[in-house]
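What follows is a set of notes on a single structure, which appears directly below.
The values are calculated or read from the model by the stated rules, or taken from the named source; none is laboratory data. Quantities reported herein were computed from a predicted structural model and do not represent experimental measurements. Here the Cβ is made from the backbone with ideal geometry for all residues, glycine too, and neighbour counts use every protein chain on show. Each accessible area value is taken on the protein alone, full model and side chains, heavy atoms only, with ligands, DNA and RNA left out. Shrake-Rupley method; radii C 1.70, N 1.55, O 1.52, S 1.80 Å.
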Amino acid sequence: MIKKLALSSLMLACFSANATVDYNIDLTKPEHHVGKVIMTLPAGSNSPSVMMPAWRTGKYKILDLANGVRHFKATDAKGNELSFEHTDKATWVINNPSQDEITVSYTVYANDLGTRTRHIDDSHAYLDATGIFMYDPARRQEDIRVTLNVPETWKTYAGMTRAGEHQFVADNYDILVDSPIETGISEVFDFKEDGKDYQLVIWGEGNYDAPAMAKDLQKMVKSSQNIWQGYPFDNYVFMVHATTDARGATEHLNSTVIQRKRFTFAPRKQYLSFLNTAAHEFVHTWNVKAYRPQGVAEYNYQRENYTDLLWVSEGSTSYFQEHLLQQSDLMSQKEFFSALSRRIDGHLKKPGRKVQSVAQSSHESWIALPGDFAYNNSVNIYSEGYMASLAMDFQLLSDSDLKAGYSELHGELFKRHRLPKPFNSRDMKTIAQDLTGKSYENWWQENVESPIKIDFDALLAKAGLEFVYPKKTKEISTTGFSSYDKNGLLTLSRVFADSAAWKAGLTTGDQIVAINGLKVTQGILKTRLAQYKVGDEVTVTLFRRDRLEEKTLTLTAKKDKKPMIRIVENPTHKQKAFYKAWRGVELEVSKKK
């Protein structure tokens, strides 16, 4: 049985009168991952174009979302079929000589959960408008109504204004695009904090503690006001997918969707990972959704949108997520130190940090390559953007005598550059100067426009911290490659630039079968390398293009333990004050007996 939308005749008349563009999606046969969309456009154009976006917000890659469309049809107000031309992969131009109202219908295949664009099955549907609803560019700013026909037991949620049990309205297409819809069988928890309404909607079974999740999210959201004053929303929805394979998350105007494998919500380390993701996406509600850089401020849904400040959009968001968790007592000092040490260690080990700046990485995100080449020649907007944010925070705090830091800079971005007013690098430098009285032209050139170089010893010392290796750490031999088992063969997945393996001429895809004439596999590689000292030469036998070859490799050194961050001995009052200004919490110094 299908549940039909029930509204009073007065409400229906009101919405019919006000909604310019009307969408209806039928999800009553969800088992085959197909939805039927009907879009009604008002009279007024003799040749309107309707388009399906080529990408979705939050993922800076072309996805070609029109590839799931079939059975496209257009009719006039009398039901007469209209001719159309499919002019490019995502555009349909309709011949409408009467300039009457047009009804467009099509089916869309939705079985792509992992990209967080569209997924329909017999338990739910997740609908990101970029992958479901076409739009007429000429009517992009006109108001919208969306109605869903769904199975009787399904419930429907979105960040948009609710107009019925399965109906929502939005001021324009941009709001629809940034307000995904979750409908189906789910667990729902409501809470209120600081005058705002929140929902936690969970689809899928898993090892989560839903009431505890809701309680912790309630703690986290309030700490946002330590950075920004005010909220860009009245209600917010945390959508959580507990899945078999899909992982990731995407921010939206007044909601987020978080996907995790269903049994990765516990133990504590896994749960903290979930909280980090939730905090990251919530920070985006300000940084990206309330203010964002020139070049991406007004989205062009049909092509790439370029800016050299995506590191601010993503890396600074990663930076602030830990602020929210620490300040809401959801992340301990020890956990923060561990997370920061991993980030610094990863940064220092990545050869690409010497090659590419965060500005370059931002501009090239649309064409960024994964894998070996990227690791050796590139940085990404998340991890390197985090480092640029960290460095700028310390510089601002130092230059302002702890009166203002990176949090205050973002607070000002929210005040001065609320959309539709974008910001650029000049605006950020202006705010930095306003906060400190000092120019940031040289700093920007050295740390944003050029590959960043951070003296972590000097930087961390300001906050009473040090980046060191644990006691009894020793040097062991290493090859300079990473590898995995492929059909029983030790296969190289990455060769680090200027490493021993690099200099020996090894490359990704090589399959090593022996070291010094004795068989080696992925499982015993560590044991085999322990036989040799740093500086030893070994003969590596490998298959390349199915031909047996030999290479000579001189082993180099690496530490046998991971570095860590710890508090310096007897931190000064000045260092403690710096830490408090930086993190928003006191430095917890254990008392020695």
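Residues of region 290-329 that are of a type in the set (D, E, K, R) and either in contact with a His (Cβ under 6 Å, 6 or more places away or on another chain) or open to solvent by 10 Å² or more (accessible area, probe 1.4 Å) (or both): R292, E298, R303, E304, D308, D329.
Residues that are open to solvent by 50 Å² or more (accessible area, probe 1.4 Å), of a type in the set (D, E, K, R) and under 25 Å from T147 (Cβ atoms) within region 166-210 comprise D171, E187, D190, D197, listed in sequence order. Condition test on Y382, is it under 23 Å from S224 (Cα atoms) and open to solvent by less than 50 Å² (accessible area, probe 1.4 Å)? For Y382, the condition - under 23 Å from S224 (Cα atoms) and open to solvent by less than 50 Å² (accessible area, probe 1.4 Å) - is not met. Quick one: would you say D560 is open to solvent by 30 Å² or more (accessible area, probe 1.4 Å), touching a strand residue (DSSP E or B) at 6+ places or on another chain (Cβ under 6 Å) and not small (G, A, S)? Yes, satisfied.
Could you look through region 254-289, keep only residues that are basic (K, R) and within 22 Å of Q327 (Cβ to Cβ), and pick out the one that is surrounded by the most Cβ atoms within 10 Å (Cβ to Cβ)? Residue satisfying both the conditions and the ranking: K289.
Restricting attention to region 136-159, the residues being open to solvent by 10 Å² or more (accessible area, probe 1.4 Å) and either free of Cβ contacts under 8 Å to residues at least 24 places away in the same chain or more than 25 Å from the chain's Cα centre (by Cα) (or both) number 15.
The rows are residues; the columns are (1) under 30 Å from the mean Cα position of the chain (by Cα); (2) surrounded by fewer than 19 Cβ atoms within 10 Å (Cβ to Cβ); (3) of a type in the set (F, W, Y).
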residue	(1), (2), (3)
L460	yes, no, no
G464	no, no, no
E475	no, yes, no
T507	no, yes, no
D510	no, no, no
G517	no, yes, no
I524	no, yes, no
R547	no, yes, no
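Does A514 qualify as being of a type in the set (G, A, S) and in a strand (DSSP E or B)? For A514, the condition - of a type in the set (G, A, S) and in a strand (DSSP E or B) - is met.
Across region 296-314, the qualifying residues are those that are part of a loop (DSSP other than H, G, I, E, B) and β-branched (V, I, T), and the one among them that is farthest from G385 (Cα to Cα) is V296. If only residues of region 257-288 that are aromatic (F, W, Y) and part of a helix (DSSP H, G or I) are counted, the one that is farthest from V201 (Cα to Cα) is Y271.
Region 381-455 holds no helices (runs of 4 or more DSSP H) entirely within its bounds that carry 1 or more residues that are in contact with a Lys or Arg (Cβ under 8 Å, 6 or more places away or on another chain) and at positive phi. Residue-level check: of (1) free of Cβ contacts under 8 Å to residues at least 24 places away in the same chain; (2) part of a helix (DSSP H, G or I); (3) of a type in the set (S, T, Y), Y579 misses just (1). Of K89, K78, all but one fail to be surrounded by fewer than 16 Cβ atoms within 10 Å (Cβ to Cβ), of a type outside the set (A, V, I, L, M) and closer than 20 Å to K36 by Cα; the exception is K89. Scanning region 539-558 for residues that are closer than 14 Å to L518 by Cα and aliphatic (A, V, I, L, M) gives V540, L542. Mind checking whether some residue in region 377-400 is over 30 Å from H573 (Cα atoms) and among the aromatic types (F, W, Y)? Among the residues of region 377-400, at least one is over 30 Å from H573 (Cα atoms) and among the aromatic types (F, W, Y), which makes the answer yes. Of a type in the set (D, E, K, R), touching a Ser or Thr at 6+ places or on another chain (Cβ under 9 Å), open to solvent by 70 Å² or more (accessible area, probe 1.4 Å) and under 30 Å from E322 (Cα atoms): is that true of K580 in this structure? No, not satisfied. The residue that is farthest from A374 (Cα to Cα), counting only those in region 491-506 that are in contact (Cβ under 8 Å) with a residue 40 or more places away in the chain and of a type in the set (S, T, Y), is S499. Selection of region 526-545 for residues being within 20 Å of V495 (Cβ to Cβ), aliphatic (A, V, I, L, M) and under 42 Å from the mean Cα position of the chain (by Cα) yields L529, V534, V540, L542.
The set of residues in region 296-343 being under 20 Å from A278 (Cα atoms) and of a type in the set (A, V, I, L, M) consists of L310, V312, L324, L325, L330, M331, A339, L340. Only one of the numbered conditions (1) open to solvent by less than 30 Å² (accessible area, probe 1.4 Å); (2) touching a Phe, Trp or Tyr at 6+ places or on another chain (Cβ under 7 Å) is not met by G131, and that is (2).
May I ask you to verify whether L82 is more than 33 Å from the chain's Cα centre (by Cα) and at pLDDT 95 or above? Yes, satisfied. Residues of region 459-490 that are touching a residue at least 60 places away in the same chain (Cβ under 8 Å), part of a loop (DSSP other than H, G, I, E, B) and of a type outside the set (D, E, K, R): A463, G464, Y469, P470, T473, T479, G480. When S357 is tested against the conditions (1) modelled with pLDDT under 95; (2) of a type in the set (G, A, S); (3) buried (at least 22 other Cβ atoms within 10 Å of the Cβ), the lone failure is (1).
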